[in-house]
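Values in this text are rule-based calculations from the coordinates and carry no lab data. All figures in this text were calculated on a predicted structure; none of them were measured in a lab. As a convention, Cβ positions derive from the backbone with ideal geometry for all residues, glycine included, and neighbour counts pool all protein chains shown.
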Amino acid sequence: MSGRVALVILALLLAAPRHAGAELRRVRFQIAGMT
Amino acid sequence: VRAAVERLEGVQAVDVSYERGQADITLRARNALSLQTLRDALARAGFRARNAEVTLIGDVILRDRGAMIVRASGLETEFSVAPGGASEVSRTLRRAAIARQALEISGVVTGETPAVLAVQRARAAPKEKR
């Protein structure tokens, strides 16, 4: 039983995104008017 | 410009200088914004966004012939790492790719498709306060 629980936990760990925080943090654009 | 960008979910602060021709955008943790979404918001305000300096949290993936890509997995966004650059930065990227460690990476994005990232700095991603 405990082995099955361990397998489920392992599967959940593998399925989870490794880095939920992967993302842009700061952006500096060079901008120009389009008029 | 500020109003157009600030209304996007995930934007923390916007600082625009028309004299310098720059828009600085700070994003909240766990945002899902892409460069294209930000470019589109600027375009709606009447401005074209050219090169972008970015700081992102992402994974490094090794490809054939020493090529590397940076993936911000929350965004499904990929940047090809521009060849060259400081060797210390290249080593940091390769070590992180092998160790599957997330990095905080700063650099300049040139081009849009495919987006190429000239990496200037890379370090271990800071731990998030959840």
- Note on the structure: Treating only Lys and Arg (+1) and Asp and Glu (-1) as charged, each at its beta carbon, one finds that chain B has a dipole about its Cα centre, in Debye to the nearest 20, of 360 debye
- Message: Let me confirm one metric for peptide B:47-58, namely the mean number of other chain beta-carbon atoms within 10 Å of its residues' beta-carbons.
- Response: 5
- Alpha-carbon Rg with Dmax, taken over the range B:21-119, Å: 13.9, 43
- Cβ-placed point charges (K, R +1; D, E -1), dipole of the protein assembly as shown about Cα centre in debye, nearest 20: 440 debye
- Note on the structure: Toy charge model, Lys and Arg Cβ at +1, Asp and Glu Cβ at -1: the range B:40-103 dipole around Cα centroid in debye, rounded to 20, equals 120 debye
- Taking Cα atoms, how many degrees apart are the long axis of helix B:87-99 and the longest axis of chain B, rounded to 10 and kept between 0 and 90? 80 degrees
- Remind me, what semi-axes does the protein assembly as shown give for its equivalent ellipsoid, largest first in whole Å, using sqrt of 5 times each Cα gyration tensor eigenvalue? 32, 21, 12
- Just name one of B:ALA13, B:ALA99, B:PHE47: the one whose Cα is farthest towards the positive end of the charge dipole of chain B (beta-carbon charges, Lys/Arg +1, Asp/Glu -1). B:ALA99
- With Cα coordinates, the longest principal axis of chain B makes an angle with the long axis of helix B:35-44, in degrees rounded to 10, of 20 degrees
- Please name which of A:LEU10, B:ALA29, B:ALA124 has its Cα lying farthest along the dipole of the protein assembly as shown towards the positive end, using unit charges on Cβ (Lys, Arg +1; Asp, Glu -1) and the Cα centre as origin. A:LEU10
